[in-house]
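These notes are about the structure you will find just below.
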Amino acid sequence: MKPTVDFICLGRAAVDLYGLERGTRLEDAQHFAKYLGGSSGNVAVGLARLGLKVAMLTRVGDEHMGRFVRETLAAEGVDVTAVRTDPKRLTGLVLLGIESADSFPHIFFRENCADMGLAPADADAAPFASARALAITGTHLSTESVRAASRRAIELAKQHGLRVVLDVDYRPSLWGLTGHGGGAERERGSAAVAREMQAFLPDCDLVVGTEEEVRVAGGGGSALEALAAIRARTAATIVMKRGVAGCVVFEGAIPASVEQGLVVGGFPVEVLNVLGAGDAFLSGYLSGWIDGLPAAHCARRGNAAGALVVTRHGCTPAMPTRAELEDFMGRAATPERPDEDARIAALHRATTVRPFGGDLCVLAFDHRRQLEQMAASAGSNYARIAEFKALVADAVLRTAVAPPGGIRLGAIVDGRHGGKALARLAGSGAWLGRPVELPASRPLEFDARSGIGIELLAWPRRHVIKCLVNYHPADPIELRLAQESRLAELADAAAALERELLVEVICSGPGRAVDARTTPTVLRRFYHLGLRPAWWKLEAQADDAWREIAEIVGAHDPLCRGALLLGLDASEEEVAQSFEVAARHAVCRGFAIGRTIFGAPAREWLAGALDDAQAVARVAGGYARMIEEWRRRRPAAAAA
């Protein structure tokens, strides 16, 4: 059978709770970020982000955190077929802190945890018949039960001709050699640990560990003595990691000194957090090793991946993608602060999310001021706006029962009147955006009680930030600078909180002349300022303008998802005419229109002329018609 999986990763898959306060004791940390963690989980994601096909072999608990681990792995492209749900054990948990440049305390909550319940029979579900290599870790050699599971996995690997990788991944606390407070300790070894690890060495093709881990696996003594002890039991390539100094590779006999091995220097970077760097190194190294590339090349890739991760918060979310790794390695002079490098940061944001296939057809009903005016005109209470928006959400869900092929449905909903609507759409699979601008503000102001970052922190991560800015190139400079400052502030907050950003640009308005150059000029200016939103939302454009917009986006941010066409309360006929032009250009990925669809039903419902069922039917019907109008014209984009 031709291999379709590059690696099966066996071992820890858990939840990391990382302290957000830096430079403080873990005792004093109050705010934590939740990430996928565990060495094998980190490596699996690291490999997937570098373009490898990966399957995970582990267990998770039958609870919320277990589902989080499974869903996160799957979202990263990892095959979770062999991730078993343990009905009795909880998913492992780790608390971590960044106390100083040299101190990273962490506490493992792993007593009787799910991944340590891995059984030999679990290995039978993994795709050994179609894989190329198996990666195991030292943690899963620490008890007899997981040793048995690892032995079974190696047995299957050998039967199917897979190569075997051992990541020593030594944590004394996970072998019961330190107390719970010793999670950060690395060096305390024992004869029992060495004996158990050495029993697995003959089956390995690659052994990777830090200098401390090599000494533990080798049974103590100097690094050179430990390397010789490992070599006596295996012909595997041995890679000894040295942190920021790089690594040393030993492919044959152990020389008279460590420095006579293949020394591959690291990349000089300013370290924020060493946790996860070893897993990133292994991912980078393996991404070349699996294809038989020279050890020097593999080591350089590993060193580069580790260098990127030590400058970031967290382990799994920090893992680099192939695009950013190659950008970093391709520099004549690599940056000492890759976390502050705009190009690498933009690549990381854009390439760590799944590609967005097809087009996006969005029903935008985040309108606050307009619906308040409609309610006032109808003599209706503002509280009824929330009820109407919930009905619009029902209309989206009704339309989503059988969406047209190649089109994803979505909604833009506010939090002021749209709380019930957001609740109904949660978990539906619809793309969701939320506005942050104060309605009609010019210069732009945010609709937030405190700073915009604090506001966004309370949002679900999958909600896309939508910001409307009324901006014209001929506006007074004070107005333009004020608006640009606000957009830059929002972009920084979105990046820091790992949220997607959609910028809606409206150039037209009273006293503002607009032609085919207006919107392209604005986009060029915003890109010049360093803004790289995931999405643009734009007014209808002429053919020449769309062509120029495509050129600008392609030149400044080829990873941008594209533009959505807005409606501005135009009639269905007028919007359909704008589709005729926009659909010819691939940069336009669909539409986000609102009052065109819900405006008339809203007025009638608020006035009591429509009941709930009629309102839902009217809105769903208008939404479906607009989707069909877009889909009918879209093939023109392929020929453009």
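Laboratory data are not the source of any read-out in this text; all were calculated from the coordinates shown. The model shown is predicted, which means the values in this text are computed figures rather than measured ones. Backbone-built Cβ (ideal geometry, glycine too); neighbour counts: all protein chains shown.
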Need one word for segment 5-351: rounded, prolate or oblate. Basis is the Cα gyration tensor (sqrt eigenvalues a ≥ b ≥ c); a/c below 1.5 gives rounded, then a/b vs b/c decides.
rounded
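For Ala101 and Ala228, FRET efficiency with R0 = 22 Å and r from the beta-carbon atoms, rounded to 0.05? All intermediate terms of the calculation are to be shown ahead of the outcome.
Numbers: r = 34 Å, r/R0 = 1.52.
E(calc), rounded to 0.05, equals 0.05.
Show me the GluC sites (Glu not before Pro) within segment 225-309 that DSSP assigns to loop and that have at most 15 other Cβ atoms within 10 Å of their Cβ. Before the final figure, lay out the partial values.
On the way: sites: Glu225, Glu251, Glu259, Glu270; in loops: Glu251, Glu270.
Counting only loop positions with at most 15 other Cβ atoms within 10 Å, the GluC sites (Glu not before Pro) in segment 225-309 are Glu251, Glu270.
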Tell me whether segment 530-640 comes out rounded, prolate or oblate; compute the Cα gyration tensor, take square roots of the eigenvalues as a ≥ b ≥ c, and use a/c under 1.5 as the rounded threshold.
prolate
Arranged by the count of other C-beta atoms within 10 angstrom, fewest first, what order do Val263, Val54 take?
Val263, Val54
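Report, as a whole number in µm² per second, the diffusion coefficient that Stokes-Einstein gives for segment 283-367 at 37 °C and 0.692 mPa s using the Kirkwood radius over alpha carbon pairs.
Numbers: Rh = 14.5 Å.
For the chosen part, D equals 226 µm²/s.
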With Rg and the Kirkwood Rh both taken from Cα atoms, where does Rg over Rh land for the chain?
1.03
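Could you give the length gained by full extension between Ala129 and Glu63, i.e. 0.36 nm per residue of separation minus their alpha carbon distance, to one decimal place? If you can, show how the numbers build up before the last one.
Details: separation 66, 0.36 × 66 = 23.76 nm, distance 3.08 nm.
Separation in residues times 0.36 nm, less the Cα-Cα distance, equals 20.7 nm.
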Give the longest segment of the chain that steers clear of chymotrypsin sites (Phe, Trp or Tyr not before Pro) in DSSP loops with at most 16 neighbouring Cβ atoms within 10 Å, not counting the sites themselves.
1-355
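In segment 411-452, what trypsin sites (Lys or Arg not before Pro) fall in a loop by DSSP, with at most 12 other Cβ atoms inside 10 Å? Don't jump to the answer; show the numbers that get you there.
Numbers: sites: Arg416, Lys420, Arg424, Arg449; in loops: Arg416, Arg449.
Here the sparse-neighbourhood loop sites are Arg449.
What percent do you get for the relative contact order of the chain when only Cα pairs under 8 Å and 6+ apart count?
On the way: 1331 pairs, mean separation 55.7, N = 640.
This gives 9 percent for the chain.
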How long are the semi-axes of the equivalent ellipsoid of segment 277-331, defined as square roots of 5 times the Cα gyration tensor eigenvalues? Whole Å, largest first.
18, 12, 9
D (µm²/s, integer) via Stokes-Einstein for segment 359-639, Kirkwood Rh across alpha-carbon pairs, 4 °C, 1.567 mPa s: value 68 µm²/s
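Taking a 23 Å limit on the Cα-Cα distance, which of the listed pairs Lys2/Lys53; Lys34/Lys389; Lys2/Lys158; Lys53/Lys537; Lys420/Lys537 fall beyond it? Numbers along the way, then the final one.
On the way: Lys2/Lys53 13 Å; Lys34/Lys389 32 Å; Lys2/Lys158 16 Å; Lys53/Lys537 35 Å; Lys420/Lys537 25 Å.
Correct reply: Lys34/Lys389; Lys53/Lys537; Lys420/Lys537.
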Find how many whole Å separate the alpha carbon centroid of segment 197-211 from the alpha carbon centroid of segment 336-374.
44 Å
If you stretched the chain out fully between Glu573 and Arg525, how much longer would it get, using 0.36 nm times the residue separation minus the C-alpha to C-alpha distance?
14.0 nm
Fewest-first sequence of Thr399, Thr137 by Cβ atoms within 10 Å of each Cβ
Thr399, Thr137
Considering only C-alpha atoms, what is the centroid distance from segment 222-293 to segment 1-71, in Å?
23 Å
Could you check the spin-label model distance between Ala75 and Glu259? Points 7 Å from the Cα along Cα→Cβ, value in nm.
4.8 nm
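Counting Lys and Arg as +1 and Asp and Glu as -1, each charge on the Cβ, what is the dipole of the chain about the Cα centre in debye, to the nearest 20?
Values: 74 positive and 77 negative charges, 206 e Å.
For the chain, the charge dipole is close to 1000 debye.
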Neighbour-count ranking [beta-carbon atoms within 10 angstrom, fewest first] of Ser40, Ser257, Ser485:
Ser257, Ser485, Ser40
For segment 258-410, the fraction of alpha-carbon pairs in successive 5 Å shells from zero, as %:
2, 8, 13, 14, 10, 8, 6, 7, 9, 8, 6, 4, 3, 2, 1, 0, 0, 0
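Once you sort the root eigenvalues of the Cα gyration tensor of segment 114-153 as a ≥ b ≥ c, which label holds: rounded (a/c under 1.5), prolate (a/b larger than b/c) or oblate (the other case)?
Numbers: a/c = 2.35, a/b = 1.60, b/c = 1.46.
Prolate, because a/c is 1.5 or more and a/b exceeds b/c.
What does the extension gain come out to for Tyr382 and Leu479, with contour length at 0.36 nm per residue minus their alpha carbon separation? The partial results should precede the final answer.
On the way: separation 97, 0.36 × 97 = 34.92 nm, distance 3.22 nm.
Result: 31.7 nm gained on full extension.
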Add -39500 (n - 2.57) for each DSSP H run of 4 or more in the chain, then divide by its residues: what number comes out at 222 nm, to the nearest 500 deg cm²/dmol?
-11500 deg cm²/dmol
Show me the trypsin sites (Lys or Arg not before Pro) within segment 497-549 that DSSP assigns to loop and that have at most 14 other Cβ atoms within 10 Å of their Cβ.
Arg517
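With a Förster radius of 45 Å, plug the Cβ-Cβ distance of Ala426 and Gln159 into 1/(1 + (r/R0)^6) and report the FRET value to the nearest 0.05. It would help to have the intermediate numbers written out before the result.
On the way: r = 46 Å, r/R0 = 1.01.
That gives a FRET efficiency of 0.50.
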Alpha carbon centroid spacing (whole Å) that separates segment 561-578 from segment 99-143:
51 Å
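Restricting to Cα pairs below 8 Å that are 6+ residues apart, what does the relative contact order work out to for segment 5-351? Please round to a whole percent. Walk me through the numbers on the way to the answer.
Values: 834 pairs, mean separation 51.9, N = 347.
Relative contact order, segment 5-351: 15 percent.
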